[in-house]
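Each remark here refers to the structure printed beneath this line.
The values are calculated or read from the model by the stated rules, or taken from the named source; none is laboratory data. No experiment lies behind these values; they were computed from the predicted model shown. Cβ placement follows ideal geometry from the backbone for every residue including glycine, while neighbour counts extend to all protein chains displayed. Just the protein is used for accessible areas: all its heavy atoms, side chains included, with ligands, DNA and RNA removed. Shrake-Rupley method; radii C 1.70, N 1.55, O 1.52, S 1.80 Å.
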Amino acid sequence: MKEAENIFLNLINQHKGIIHRISKMYMKDAEEQRDLFQEIVLQLWKACSDRVR
C-alpha cells in the first residue's frame, strides 16, 4: 500500500495546478477553494484506493 500512496502523491503533485484551477472556477472565496481542493483529493484517493484493493 505504501507504493500506491507514493504513486498517488506524485500524481497529485504533478496535477495540483489543474485541481487548483478547478477549485477557483467553482469557488470565489480562498478558504472554500482550499476546502474544495481537499475534497477533490480525498475523492480521488478513495477512487484510487478502491481500485488497489
What are the residues in segment 27-52 that are farther than 25 Å from ALA4 by Cβ and either in contact with a helix residue (DSSP H, G or I) (Cβ under 6 Å, 6 or more places away or on another chain) or at pLDDT below 95 (or both), if any? MET27, GLN33
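Out of segment 36-51, which residues are open to solvent by 80 Å² or more (accessible area, probe 1.4 Å) and of a type outside the set (S, T, N, Q)? Don't jump to the end; show me each part of the working.
First, pick out the residues of segment 36-51 that are open to solvent by 80 Å² or more (accessible area, probe 1.4 Å): 38-39, 43, 46, 50-51.
Of everything in segment 36-51, those that are open to solvent by 80 Å² or more (accessible area, probe 1.4 Å) and of a type outside the set (S, T, N, Q) turn out to be GLU39, LYS46, ASP50, ARG51.
Restricting to segment 40-53, name every residue that is part of a helix (DSSP H, G or I) and farther than 18 Å from ASN13 by Cβ. Steps first, answer last, please.
We begin by selecting, within segment 40-53, every residue part of a helix (DSSP H, G or I); these are 40-52.
LYS46, ASP50, ARG51, VAL52 - these are the residues of segment 40-53 that are part of a helix (DSSP H, G or I) and farther than 18 Å from ASN13 by Cβ.
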